[in-house]
Amino acid sequence: MLLSGALVFALAALSQAASPCCSHPCQNRGVCMTMGYDRYECDCTRTGFYGENCTKPEFFTWLKGTLKPSPKTVHYILTHFKGFWNIINNFPLVQGTIMQYVLMSRSHPIDSPPTYNSHYGYKSWEAYSNLSYYTRTLPRVGNDCPTPMGVSGKKELPDAKLLVEKFLLRREFIPDPQGSNIMFAFFAQHFTHQFFKTDTKRGSAFTKGLGHGVDLNHVYGETLDRQMKLRLMKDGKLNYQMIEGEMYPPTVQESQAEMMYPPHIPENMRFAVGQEVFGLVPGLMMYATIWLREHNRVCDVLRQEHPEWDDERLFQTTRLILIGQTIKIAIEDYIQHLSGYNFKLKFDPELLFNQRFQYQNRISAEFNTMYHWHPLMPDTFHIQGQEYNYQHFLFNNSVMVEHGISQMVESFSRQTAGRVAGGRNVPVSVQRVAVTTIEQNRQMKYQSMNQYRKHFLLKPFQSFEELTGEKEMAAELEELYGDIDSMELYPGILVEKPHSGGIFGETMVEIGAPFSLKGLMGNAICSPEYWKPSTFGGQVGFEIVTGATLQRLVCHGVLRTDRHRDVSHSIPFFDGDNRTPRSALIITSLNQYHFASHCGRVYH
Ligand code: HEM
Ligand SMILES: *[C@@H]1O[C@H](CO)[C@@H](O)[C@H](O)[C@H]1NC(C)=O
Ligand SMILES: *[C@@H]1O[C@H](CO)[C@@H](O)[C@H](O)[C@H]1NC(C)=O
Ligand SMILES: *[C@@H]1O[C@H](CO)[C@@H](O)[C@H](O)[C@H]1NC(C)=O
């Protein structure tokens, strides 16, 4: 009796014993696999390391390791020595070679084809093939592990609300030292919400963005059914309405394309665009309107080239052109600005044609998490001398119609965005989002920030002081977490010490850049069979792609007020009458107060 009781007890203890993989023993991207209940094996295949825990470098790994400069050094070089880079930037061959290196070294850390998802911490056909999941860059922490991060840290993580209040919440607005403006912030939100579209009905592990990348579903709709509702079905164009002579998206009522609006929004202010949630912020609706105008403009250009084409072909080709423009602008304007590099980035798919590179992409849950850049948002929005708080701004499309696109652009270009890293800069109005993010990451059993750093070949932080670069928050974090190896990813990147004069810290840059460039260059249109003029309707369409800039896009969008106006390239900005432009437009570099270039000059 006593004996069998002890046996039952022992068996129970055995079945609850932590998996030996909980301690993440395999280093250098080796894969941990349990062997029975109490042993593990590290699979070090092609990691360049060997030994029980993949810790011993092979000769060439060791050699590369000693020769390779650290990410800190590379970042320093790229963000300094302006004179040197100005010379390099003028030699296309050298610039191309460096860009090729940037692309290859950045895309290398991303597993492609993708591997895990939030339910499968091992390779499986289900995880690979089910596109409804975000992929996972690191597998989930096992349910049977002793602590939420595996074996390190305390049994319970600090209360999410407490973390947000202590470390993330804004006390006083901290401007981004790189000078990003609100125009930039809304570009970030608009651009990324075509692939960050969590399927909240299913849970945070799931996405509604089945294209997993830059497919412009935020312009055209996720489904064919929605696309048809948004299309004019004539000349390839998207449906629109004219308000006081300006082109805007159609209403929900007219298009029958559902959107998320609260009940009190009047029928005529419920605009319908590809992304269902873009009614949330007028900044998103502004970009949606600009892209809508651009689509219809490009249709006109294409139709001049191809009077023989039907609606369908004009539509499809224009969509490919807009995808190309988006990638071009994302790399050469948006990432260029974000990076702070003095080296001039270049969008040239041909750089990868002689390299080993997979033209596919899967959006990672961790990428989504890291892109929660809510600290960019100000406390109030200033448009044309008026100040809007969140309550008056959100879900209020009248803001856009009342001020018009050009005034919004003008105003958003003048207003500075907030710094993302460094802590305590999440606006009070969106603090709930930060809390939810932390809670969802925990449900999805994310590994620790240091595990992610190691996966992306960064040294793990040794202490909280090394993480934050100061003492006060570091001490409090240490008390709450107990161990730097249990620091979580999302609060971690938001409290991380920023690069000097930078918007982000090292972790955001070194992990974010690979996801970002892989997503952009992994697009089908960048592959050899697609990247040629005929894909884009010929040389004219191809040049719309290769010549795209954010400034051109916005200027065309502002210009495009009247559908009857000729929009070919030779037509100048001014109407012919004495109407002066309502705004001088800005955004060559996205730097604040950069008013040197006006729309009129686009055509020179
Ligand atoms: C007025 C400004 C903003 C408001 C009110 C807002 C609000 C929200 C809300 C309510 C969510 C859903 C949270 C949840 O339930 O999980 C969300 C998600 C998100 N936000 Fe924002 N946000 C704003 C600006 C931004 C900006 C500027 C960015 C910059 C990139 C951003 C990035 C994200 C991302 C990546 C998600 C996750 C989306 C998804 O998984 O579907 N947001 N935001
Ligand atoms: C491998 O890691 C385990 C667990 O962390 C450790 O106990 C063991 O000593 C390591 N083996 C070697 C050869 O370093
Ligand atoms: C993907 O996985 C989810 C959850 O298991 C399931 O509900 C869904 O049907 C799967 N989708 C496909 C296409 O198999
Ligand atoms: C929406 O914006 C308009 C025009 O800018 C403003 O007059 C109105 O009060 C706002 N509506 C709400 C509900 O705040």
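Please treat every number below as a calculation from the coordinates, not as lab data. None of these values were measured; they are calculated from a predicted model. Virtual Cβ from ideal backbone geometry, glycine too; neighbours counted across all protein chains shown.
Listed here are the pairs K154/K459; K68/K166; K123/K328; which of them are more than 30 Å apart at the Cα? Could you put the intermediate results ahead of the total?
Numbers: K154/K459 22 Å; K68/K166 38 Å; K123/K328 34 Å.
Beyond 30 Å: K68/K166; K123/K328.
Calculated FRET efficiency, L169 to E244, Cβ-Cβ distance, R0 = 51 Å: about 0.80 to the nearest 0.05. Near the amide H of S180, within less than 5 Å, lie the amide hydrogens of A417, all on another chain or at least 5 residues away, with H placed in the peptide plane. Here's the list of aspartates and glutamates a cross-link from K197 could span, going by alpha-carbon distance under 19 Å and ignoring same-chain residues fewer than 8 apart: D215, E222, D225, E258, E276, E366, E439.
In plain terms, the chain is cut at each of the GluC sites (Glu not before Pro) found in a DSSP loop with at most 14 other Cβ atoms within 10 Å, and the longest leftover piece is 309-469.
Check each of the trypsin sites (Lys or Arg not before Pro) in the range 314-362 and keep only those in coil by DSSP with at most 11 other C-beta atoms within 10 angstrom; list them in order. Display every interim value, and only then the final one.
Values: sites: R319, K328, K344, K346, R356, R362; in loops: K344, K346, R356, R362.
When the trypsin sites (Lys or Arg not before Pro) of the range 314-362 are filtered for loop state and at most 11 Cβ neighbours within 10 Å, R356 remain.
Within the range 35-75, the trypsin sites (Lys or Arg not before Pro) that combine a DSSP coil assignment with at most 15 other C-beta atoms in a 10 angstrom radius are R46. Between the helical axis of 472-481 and the dominant principal axis of the chain, each derived from Cα atoms, what acute angle in degrees is found, rounded to the nearest 10? It is inclined by approximately 60 degrees. Checking every one of the trypsin sites (Lys or Arg not before Pro) in the range 169-198 against DSSP loop status and a limit of 14 other Cβ atoms within 10 Å picks out R171.
Once you reduce the range 444-483 and the range 157-191 to the center of their Cα atoms, the two points are 19 Å from each other. Go ahead and collect, in residue order, the members of the range 363-400 whose backbone nitrogen is under 12 Å from a label point 7 Å along the Cα-Cβ direction of Q407. Once the point is set 7 Å along Cα→Cβ of Q407, 383-387, 398-400 turn out to lie under 12 Å by backbone N, inside the range 363-400. Charged neighbours of E58, selected by a Cβ distance under 12 Å, balance to +3 (K, R count +1; D, E count -1).
Across the range 262-271, rounded Karplus estimates of 3J(HN,Hα) from the backbone phi angles (6.51 cos²θ - 1.76 cosθ + 1.60, θ = phi - 60°) give x, x, 7, 6, x, 3, 6, 10, 9, 6 Hz, Gly and Pro being marked x. The range 402-429 and the range 135-155 have Cα centres spaced 37 Å apart.
Calculate how steeply helix 506-521 sits against the longest principal axis of the alpha-carbon atoms of the chain, using the helix alpha-carbon long axis, and give the answer as 0 to 90 degrees to the nearest 10. Once rounded, one gets 60 degrees. Counting only alpha carbon atoms, the long axis of helix 398-414 and the longest principal axis of the chain meet at about 70°. The mean sequence distance of close C-alpha pairs (under 8 Å, at least 6 residues apart), as a share of the length of the range 463-514, puts its relative contact order at 28 percent.
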